[in-house]
Amino acid sequence: MKVFNASFTLSSDERCELSDITKHVREAIQQFPVSNGIALINTLHTTCALFINEFQSALIDDLKGLIERLVPARGGYRHDDPRYSDCERGNACAHLRAALLGRSIAIGLVNGELALGRFQSVIFAELDGPRKREITVQVLGE
Amino acid sequence: MKVFNASFTLSSDERCELSDITKHVREAIQQFPVSNGIALINTLHTTCALFINEFQSALIDDLKGLIERLVPARGGYRHDDPRYSDCERGNACAHLRAALLGRSIAIGLVNGELALGRFQSVIFAELDGPRKREITVQVLGE
Amino acid sequence: MKVFNASFTLSSDERCELSDITKHVREAIQQFPVSNGIALINTLHTTCALFINEFQSALIDDLKGLIERLVPARGGYRHDDPRYSDCERGNACAHLRAALLGRSIAIGLVNGELALGRFQSVIFAELDGPRKREITVQVLGE
C-alpha cells in the first residue's frame with residue numbers, strides 16, 4: 001500500500017458559491033497507480049466546506065437558503081466586532097456555516113473508481129468568496 | 001496492509017427511520033483478516049445519513065424532532081417545485097437533513113475490535129423512506 | 001504501511017467548553033515513525049464533538065451561541081424526561097449538538113506534518129462537562 005498526494009485550486013465569483021468538483025477529484029486520482037483504497041478530500045481553509053450530495057441547481061438554492069436561515073449573514077457575531085476580533089472580513093457566518101457542513105470527505109476507491117452513487121457529487125462550498133482555494137486529495141491504496 | 005470491501009442492504013418502513021447498524025458493521029468487518037486499521041462506512045445515496053451517537057429510543061425521538069425543526073418537511077423548497085426540478089419525490093428536506101448529519105464514518109479498528117465507546121452506536125438515518133439502501137464497509141488494515 | 005494508535009485525556013471545567021487540541025494531536029503523532037499517511041482523530045464519547053476551524057476566542061463565543069440557538073439547553077427533550085429515559089444527566093442537548101458538529105476527523109500527514117492550513121485548529125467541544133474525556137489518534141502511513 002502507498003500514499004499519494006495531489007491538490008488543485010478553485011476560484012469563485014460569489015460570496016457564497018457551491019461547485020461540483022467530482023470531475024476535479026476524479027482527475028486528481030486517475031494519475032495514481034491505485035485501484036483499491038481510500039481517497040481523502042480536504043481543504044486547508046476554515047471558511048469553506050466539502051460534502052457529498054446531489055448537485056441539482058434547485059437543490060443548491062435550497063442548501064444556500066438553509067444555511068442562510070440557520071446562520072444569518074448578519075447575526076451580531078463577536079468575530080465580526082472590532083472590539084473582540086481583528087478579523088476585518090465580517091466572515092463569522094462563513095466559519096459557523098463551515099462548522100455545520102463539514103470540511104473533510106473520505107470516499108472508497110474500488111476497482112479504480114471512486115465509490116460514489118449515481119446521484120452523488122463531491123460539492124465544494126465557498127462561504128467567504130470570491131477567493132482562490134486549495135483542495136487536497138490524498139489517496140491510500142494498492 | 002490490505003484493502004477489503006463489503007456491503008449490506010437495509011430496508012425501512014417509515015419516511016424517516018433511524019436504525020442501529022453497529023451489529024451489521026461488526027459482522028461485515030469480522031469476515032476480514034484484519035486486526036488493526038480503519039473502517040470506512042459510507043452510503044451511496046444522497047437522502048440518508050450515517051453518524052455515531054447513543055441509540056436510546058427517547059433520544060432518537062429528539063433527533064427526529066431536531067431535524068424536523070431545523071429542516072421542516074414542507075419548507076417551500078425549489079427542489080420540490082416542478083418549475084425548477086424534475087424530481088417528483090418532494091424530498092428536498094431529506095437532502096438538506098443529510099447535509100447537516102453527514103454520511104460518512106471512519107472508525108479505528110484496534111485489536112480486531114471497532115474502536116467504539118460503551119454508548120456509541122453506528123446509526124443509519126433513512127430520511128426519504130421507505131426504501132432499500134446499500135451501505136458499504138471498507139477496511140484498510142493489517 | 002503501518003498502523004499506530006495513541007490516545008490522550010482532556011479535562012474541562014465548564015458544561016460547554018471548546019479547546020484547541022492541535023498541539024496534543026501533533027505530539028501524539030510525532031512519536032510514530034510515519035511521514036506520509038493519514039491521522040484519524042476520534043472520541044469514544046457521545047456528548048462531545050471534534051471539528052476543525054479557527055480557534056479565535058470571539059469566534060468560539062459565536063460557535064457556542066450558534067449551538068445554543070439551534071439546540072437550546074432546555075428544549076423539552078424526551079431523553080431528559082424520566083418517563084422515557086433513565087439518563088439523569090439532562091444531556092439531550094449535548095447529544096444533539098454532537099450530531100450536528102460531528103465527532104471524527106481525518107487529516108492528511110504529509111512529509112511528517114499534519115496537513116492543516118494556517119488558521120486551522122483541531123477543536124474539541126465538551127458539550128456535557130465538566131468531565132475527563134479520552135481522545136484517540138490513529139495513524140496509517142509509511
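The values are calculated or read from the model by the stated rules, or taken from the named source; none is laboratory data. Predicted, not measured: the structure shown is a model, and the values here were computed from it. Here Cβ is always computed from backbone atoms with ideal geometry, including for glycine, and neighbour counts include all displayed protein chains. Each accessible area value is taken on the protein alone, full model and side chains, heavy atoms only, with ligands, DNA and RNA left out. Shrake-Rupley method; radii C 1.70, N 1.55, O 1.52, S 1.80 Å.
I need the full set of residues from the stretch C:65-75 which are surrounded by fewer than 21 Cβ atoms within 10 Å (Cβ to Cβ) and in contact with a Cys (Cβ under 6 Å, 6 or more places away or on another chain), in order please. It would help to see each step written out before you state the result.
Residues of the stretch C:65-75 surrounded by fewer than 21 Cβ atoms within 10 Å (Cβ to Cβ): C:65, C:68-70, C:72-75.
Listed by number, the list holds a single entry, C:Ala73.
Being in contact with a strand residue (DSSP E or B) (Cβ under 9 Å, 6 or more places away or on another chain), modelled with pLDDT under 95 and more than 7 Å from chain A (Cβ to nearest Cβ) is the requirement here; does C:Arg131 meet it? So that I can check it myself, show each step before the final result.
On the way: in contact with a strand residue (DSSP E or B) (Cβ under 9 Å, 6 or more places away or on another chain): yes; modelled with pLDDT under 95: no; more than 7 Å from chain A (Cβ to nearest Cβ): yes.
Spelling it out, it is not the case that C:Arg131 is in contact with a strand residue (DSSP E or B) (Cβ under 9 Å, 6 or more places away or on another chain), modelled with pLDDT under 95 and more than 7 Å from chain A (Cβ to nearest Cβ).
Looking at C:Ala125, is it away from chain A (no Cβ under 14 Å), modelled with pLDDT of 95 or more and within 20 Å of the chain's Cα centre (by Cα)? Don't jump to the end; show me each part of the working.
Details: away from chain A (no Cβ under 14 Å): no; modelled with pLDDT of 95 or more: yes; within 20 Å of the chain's Cα centre (by Cα): yes.
The answer is no for C:Ala125.
Would you pick out the residues in the stretch B:115-142 that are part of a strand (DSSP E or B), farther than 30 Å from C:Gly141 by Cα and open to solvent by 20 Å² or more (accessible area, probe 1.4 Å)?
Going through the stretch B:115-142, the residues part of a strand (DSSP E or B) turn out to be B:121-126, B:132-141.
Filter again for farther than 30 Å from C:Gly141 by Cα, leaving B:125-126, B:132-133.
B:Lys132, the sole residue that qualifies.
Please go through (1) closer than 28 Å to B:Leu96 by Cα; (2) within 12 Å of chain B (Cβ to nearest Cβ); (3) in contact (Cβ under 8 Å) with a residue 24 or more places away in the chain for C:Lys64 and return the number of the only condition it doesn't satisfy.
(2)
For the stretch C:38-57, which positions are more than 15 Å from the chain's Cα centre (by Cα) and surrounded by 18 or more Cβ atoms within 10 Å (Cβ to Cβ)?
Applying the first criterion (more than 15 Å from the chain's Cα centre (by Cα)) to the stretch C:38-57 yields C:38, C:56-57.
If the condition is that a residue be more than 15 Å from the chain's Cα centre (by Cα) and surrounded by 18 or more Cβ atoms within 10 Å (Cβ to Cβ), then C:Ile38, C:Gln56 are the ones that fit.
Hey, among the residues in the stretch B:76-111 that are more than 8 Å from every other protein chain (Cβ to nearest Cβ) and closer than 30 Å to B:Asn36 by Cβ, which one's least open to solvent (accessible area, probe 1.4 Å)? Write out each step before concluding.
Narrowing the stretch B:76-111 to residues more than 8 Å from every other protein chain (Cβ to nearest Cβ): B:76, B:80, B:82-83, B:86, B:88-91, B:93-94, B:97, B:109, B:111.
Okay, now just the ones that are also closer than 30 Å to B:Asn36 by Cβ, so B:109, B:111.
Details: B:Leu109: 1, B:Asn111: 121 Å².
Here the answer is B:Leu109.
Return yes or no: is C:Ile60 buried (at least 20 other Cβ atoms within 10 Å of the Cβ) and either touching a Pro at 6+ places or on another chain (Cβ under 9 Å) or part of a helix (DSSP H, G or I) (or both)? Explain how you work it out, then say what you get.
On the way: buried (at least 20 other Cβ atoms within 10 Å of the Cβ): yes; either touching a Pro at 6+ places or on another chain (Cβ under 9 Å) or part of a helix (DSSP H, G or I) (or both): yes.
Yes.
Looking at the structure I just gave you, is B:Ala73 more than 21 Å from C:Leu44 (Cα to Cα) and within 7 Å of another protein chain (Cβ to nearest Cβ)?
Details: more than 21 Å from C:Leu44 (Cα to Cα): yes; within 7 Å of another protein chain (Cβ to nearest Cβ): no.
Criteria not met by B:Ala73.
Name the residue that is nearest to the other protein chains (Cβ to nearest Cβ), counting only residues in the stretch A:22-32 that are within 16 Å of the chain's Cα centre (by Cα) and among the β-branched types (Val, Ile, Thr).
Step one: of the stretch A:22-32, the residues within 16 Å of the chain's Cα centre (by Cα) are A:22-26, A:28.
Adding the requirement that they be among the β-branched types (Val, Ile, Thr) leaves A:22, A:25.
On the way: A:Thr22: 13, A:Val25: 14 Å.
Among those residues, the one meeting the criterion is A:Thr22.
Looking only at residues in the stretch C:69-81 that are touching a residue at least 12 places away in the same chain (Cβ under 8 Å) and part of a helix (DSSP H, G or I), which one is farthest from C:Cys16 (Cα to Cα)?
The selected residue is C:Arg78.
Out of C:Ser7, C:Ser19, C:Ser35, which single residue is within 13 Å of chain B (Cβ to nearest Cβ), among the polar types (S, T, N, Q), surrounded by fewer than 20 Cβ atoms within 10 Å (Cβ to Cβ) and under 30 Å from A:Ile38 (Cβ atoms)?
Working: C:Ser19 fails: within 13 Å of chain B (Cβ to nearest Cβ); C:Ser35 fails: within 13 Å of chain B (Cβ to nearest Cβ).
From the options C:Ser7, C:Ser19, C:Ser35, the qualifying one is C:Ser7.
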